[in-house]
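Trainee: Let me begin by handing over the structure; questions about it come next.
The values are calculated or read from the model by the stated rules, or taken from the named source; none is laboratory data. What you see is a predicted model, and the numbers here were worked out from it, not measured in a lab. Neighbour counts run over all protein chains shown; Cβ positions are idealised from the backbone, glycine included.
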Amino acid sequence: MSAAGVETADTTTQPPSSPGGFDTRTLVRPAVIAALLLFVVLALPSILSTYYVDAMIQVAIWSIVALGLGLLVGRVGLVSLGQAAVLALGAWVAARILFATSLPYPLVLLAAGLITMVLGTLVGLPALRLSGLYLALITLMLAGAITVVLATTNFPNGGHGFLGYNGSAVHIPQIRRPSIANTDTAFLRYSVIVAALMFLLVLAHVRTRPGRAWAAIRQSESAALAAGINTTLYKLWAFALASFVTGVAGGLLAGSSRYLYSYDFTTQESITLLAVVLMGGIFSLWGAIIAGLLLQLLPQLLNSWGVSPDWLTILFGIGVLQVLLTAPAGLVDQVPKDLARLGRLLRGLARRVAPAGGRSP
Amino acid sequence: MIEVTGLSVRFGGVTPLDDMNVSFAEGTCGLIGPNGAGKTTFFNVLSGFVRPVAGTVRAFDQDLLGMAHFRRARWGLRRTFQTEQAIEQLSVFDNVAMVHEHSKVGAASRRKDVLDAISFVGLDLDPQLRVGTLGAGERRLVEVARAVVGRPRVVLLDEPAAGLPDQETERMGEVIRQIPEHTGALTILVDHDMGLVSSCCEKTAVLDFGKLIASGPTAEVLRDERVIRAYLGTESVL
C-alpha cells in the first residue's frame with residue numbers, strides 16, 4: 001500500500017454533501033474538540049486537587065487502554081479479555097527501559113508501544129482461527145498466564161537484568177518521569193497529550209482504508225474477502241494497533257505510579273475493562289473516554305463521598321446488562337438520545353401549557 | 001470465458017456439485033436450478049470459500065482455483081450475496097471505495113470511479129449516507145455498485161432481486177442488462193425469477209442436484225422438458 005493511497009482514501013471520506021452540513025460538521029466539531037483539549041491540558045490540572053489530578057492521570061491512561069479494546073471489539077468484532085495483561089507488558093517494558101537507560105521519555109513510550117505491539121500481536125494470533133467466546137477464553141487464559149508470571153517474578157524495581165528485581169528492598173529507586181513532567185500536574189498534561197495523540201492515531205486508521213476493511217470484517221468475513229480484503233492481515237493489524245496504544249499507556253502507567261510493583265494487573269481487571277468499554281460505547285471513540293472516567297474517576301468520587309467502591313462491581317454489572325439489552329452503542333449514544341427525548345418531552349409540556357398563558361402579546 | 005471441467009464438491013455425504021462441466025461465454029449468462037441444485041455452492045467455489053474435491057476452473061486462461069480467495073477480487077472477480085451483505089456501518093461511498101482500493105486500479109481515479117459506479121446502478125442519494133439507513137432495494141444496488149467498480153472481469157450475481165417488489169426487480173434488471181457493456185465483465189446471474197433471467201441473459205445453464213442438465217439459449221433452455229421437470233415438478237405449468 002502506497003502512502004499516496006492512504007492520502008487519497010483520506011480525502012475521499014470528506015463529505016461532499018450539502019454545503020450547510022459541510023461547514024458545521026468540518027469546522028465546529030474539531031473546534032469544540034480542540035477547545036475541550038486545551039481546557040483539559042491548560043486549565044484543568046491547575047484547578048484540581050492532588051487527589052483528583054492523580055485520578056485524572058489514571059483516566060487518561062485507561063482511556064487509551066479502552067480505546068485499544070474498543071477498536072478490537074467495536075470495529076473488528078474481536079473480543080479480547082487480556083488487555084490488562086497487555087497493559088502490564090507495556091508497563092514492564094517501559095519500566096525496564098527507564099531503569100536501564102537514560103533514553104528520553106517519548107522514545108521509551110514508543111519502544112514500549114512497539115515491543116508490546118509485537119507481543120500483543122502474538123496474543124492475537126489465535127484470533128485468526130477463533131472468534132467470539134473461544135477467542136475471549138483464549139485471551140483470558142493468556143492474561144491469566146501473564147498475571148502468574150508477574151506475580152512470581154515481580155516488576156522491575158531498579159535491579160539488574162531484564163527482571164531487574166532487587167530483593168533487598170533497602171533502597172528502592174523510583175521509576176523516573178519525563179524531565180518536563182516531574183510534578184503530578186505536569187504529568188497529567190503530558191498524559192493527556194499522549195492520549196490525544198493515540199486517539200488521533202486510531203482515528204486516522206478508522207477513517208481510512210483499514211477502518212473500512214475492519215467494518216467489512218466485523219459484519220461479514222465473506223463480504224470482506226469478496227471485496228479483496230486480506231482478512232488475516234487486517235485482523236493482525238487491529239491487534240497490533242490496539243497493543244501499540246496499550247503499550248504506550250503502560251509506559252505512562254510506569255511513570256505515573258513510580259513504584260509499579262505495588263500495582264495489581266488482575267484478570268478481573270481485564271473483565272471489568274470489557275464491561276466498562278461496552279458501557280461507554282464501542283462504536284465511538286468518545287466511548288473510550290467515558291470508559292476511562294467510569295473506571296478511574298468514579299471510584300475516586302465514590303471514595304470521597306464515603307461510598308464503598310465495591311458498589312461499582314454491581315453498578316458495572318447492571319450497566320452491561322442495560323447496554324446489551326437496550327443500548328448496544330453504549331452511553332455515548334444513549335445519553336444524548338435520552339436528553340433529546342427529555343427535551344422534546346419538556347417542550348411538548350411547555351407547548352401544552354403555553355396556549356393558556358402565552359396568548360397575551 | 002470461464003471453463004469449468006469436472007468440478008465436484010462434497011460436504012460429508014452430500015455432493016452439492018457432481019462432476020460439473022460448463023462454460024460461460026462473454027455477456028450475461030443465467031444459472032438456474034431448483035433450491036439445493038448447487039448454484040450458490042458453485043459461486044462459493046469461484047470465490048474461494050469452498051474447496052472442490054476435483055475439477056478445474058479456468059477464467060480468461062488463468063487457473064482461478066490456484067489463487068488465494070482475497071486475491072481473486074484484485075484479479076477482477078466480483079460477487080453479490082444471496083443474503084445481501086452491504087456493510088451497514090459504512091457509507092455508500094465507503095462501501096464501494098473499499099472494493100476499489102483493493103483492486104488493481106490506482107487511487108488517482110478512485111473518487112470518480114466510485115461515484116460513477118454509484119450512479120451507474122441508479123442510486124440517486126447522498127453517497128455519504130450510512131448503508132444501515134437504506135432500504136432493501138437500495139442496499140442490493142450498493143452491492144451491485146461494489147461488483148462493477150474497479151475493472152471487474154467476472155461478476156457473479158446471487159439472486160440480486162430476491163425479496164424485492166416487482167418495480168425494484170425491474171430496476172435491478174435494467175442495471176444488470178447494462179453490466180457487460182458498461183464494464184466488459186462476464187456476468188453470471190443466479191435467480192429464481194424466470195422473467196428476470198430471460199430478460200437479462202441470452203444463454204442459461206441449468207443445474208439440478210449438482211449436475212448440469214441443460215445449457216444454451218435461454219428461451220430454448222426454458223422450454224426444455226428436462227428443465228421444466230427438474231424445476232417445476234413433473235407437470236408442465238408453462
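Trainee: Pick out the one residue from B:Val121, B:Val155, B:Val96, B:Val142 that is among the β-branched types (Val, Ile, Thr), buried (at least 19 other Cβ atoms within 10 Å of the Cβ) and within 19 Å of B:Thr40 (Cβ to Cβ).
Mentor: Criteria check complete, one pass: B:Val155.
Trainee: Taking A:Leu114 as the residue in question, decide whether it is of a type in the set (A, V, I, L, M), buried (at least 24 other Cβ atoms within 10 Å of the Cβ) and part of a helix (DSSP H, G or I).
Mentor: Criteria not met by A:Leu114.
Trainee: Sort through A:Ile47, A:Ile64 and tell me the only one that's out of contact with any Leu (no Cβ under 6 Å at 6 or more places or on another chain) and without any contact (Cβ under 8 Å) to a residue 40 or more places away in the chain.
Mentor: Exactly one of A:Ile47, A:Ile64 is out of contact with any Leu (no Cβ under 6 Å at 6 or more places or on another chain) and without any contact (Cβ under 8 Å) to a residue 40 or more places away in the chain, namely A:Ile47.
Trainee: Also, quick follow-up: If a residue has to be surrounded by fewer than 20 Cβ atoms within 10 Å (Cβ to Cβ) and β-branched (Val, Ile, Thr) to count, how many in segment B:41-53 make the cut?
Mentor: Qualifying residue count for the region: 2.
Trainee: What is the one condition in (1) at the interface with another protein chain (Cβ under 10 Å from one of its Cβ atoms); (2) free of Cβ contacts under 8 Å to residues at least 60 places away in the same chain that B:Gln167 does not satisfy?
Mentor: (1)
Trainee: Return the residues of segment A:129-159 that are among the polar types (S, T, N, Q) and not in a loop (DSSP other than H, G, I, E, B); say none if nothing qualifies.
Mentor: If the condition is that a residue be among the polar types (S, T, N, Q) and not in a loop (DSSP other than H, G, I, E, B), then A:Thr139, A:Thr147, A:Thr152, A:Thr153 are the ones that fit.
Trainee: Taking segment B:62-104 on its own, how many of its residues are facing chain A (nearest Cβ under 7 Å) and among the polar types (S, T, N, Q)?
Mentor: The number of residues fulfilling the criteria is 3.
Rundown of residues vs (1) in a helix (DSSP H, G or I); (2) among the β-branched types (Val, Ile, Thr); (3) over 23 Å from A:His205 (Cβ atoms); (4) touching a Pro at 6+ places or on another chain (Cβ under 9 Å), yes/no style:
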| site | (1), (2), (3), (4) |
| --- | --- |
| A:Leu81 | no, no, no, no |
| A:Ala84 | yes, no, no, no |
| A:Leu89 | yes, no, no, no |
| A:Val93 | yes, yes, no, no |
| A:Phe99 | yes, no, yes, yes |
| A:Ser102 | no, no, yes, no |
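Trainee: Filter segment B:125-141 down to the residues that are in a loop (DSSP other than H, G, I, E, B) and hydrophobic (A, V, I, L, M, F, W, C), then identify the one that is nearest to the other protein chains (Cβ to nearest Cβ).
Mentor: The qualifying residue nearest to the other protein chains (Cβ to nearest Cβ) is B:Leu129.
Trainee: Can you pull out every residue in segment B:73-95 that is small (Gly, Ala, Ser) and touching a Leu at 6+ places or on another chain (Cβ under 9 Å)?
Mentor: B:Ala73, B:Ala86, B:Ser91
Trainee: Tell me which residues, restricted to segment B:154-183, are β-branched (Val, Ile, Thr) and either within 11 Å of the chain's Cα centre (by Cα) or closer than 25 Å to B:Val57 by Cβ (or both).
Mentor: B:Val154, B:Val155, B:Ile176, B:Ile179, B:Thr183
Trainee: Return the residue satisfying two criteria in turn: it lies in segment A:218-272 and is of a type in the set (Asp, Glu) and within 20 Å of the chain's Cα centre (by Cα), and of such residues it is farthest from the other protein chains (Cβ to nearest Cβ).
Mentor: Filtering first and then ranking leaves A:Asp264.
Trainee: If you check A:Ser46, A:Ser63, which single one turns out to be modelled with pLDDT under 90 and hydroxyl-bearing (Ser, Thr, Tyr)?
Mentor: Unique residue meeting the criteria: A:Ser46.
Trainee: Within segment B:1-34, track down each residue that is farther than 20 Å from B:Gly195 by Cα and not in a strand (DSSP E or B).
Mentor: Across segment B:1-34, the qualifying residues are B:Met1, B:Gly12, B:Gly13, B:Ala25, B:Glu26.
Trainee: State all residues of segment B:113-124 that are more than 21 Å from the chain's Cα centre (by Cα) and more than 10 Å from chain A (Cβ to nearest Cβ); if no residue qualifies, say none.
Mentor: B:Asp124
Trainee: If B:Phe43 passes every condition in (1) part of a helix (DSSP H, G or I); (2) in contact with a helix residue (DSSP H, G or I) (Cβ under 6 Å, 6 or more places away or on another chain); (3) not acidic (Asp, Glu) but one, which one does it miss?
Mentor: (2)
Trainee: Give me the pairs, please: first residue somewhere in segment A:314-334 and closer than 20 Å to A:Gln268 by Cα, second residue anywhere and of a type in the set (Val, Ile, Thr), beta-carbon distance under 9 Å, and either six or more positions apart or on two chains.
Mentor: Here the result reads A:Phe316/A:Thr272; A:Phe316/A:Val276; A:Gly319/A:Val276; A:Val320/A:Val276, each pair linking segment A:314-334 to a residue that is of a type in the set (Val, Ile, Thr).
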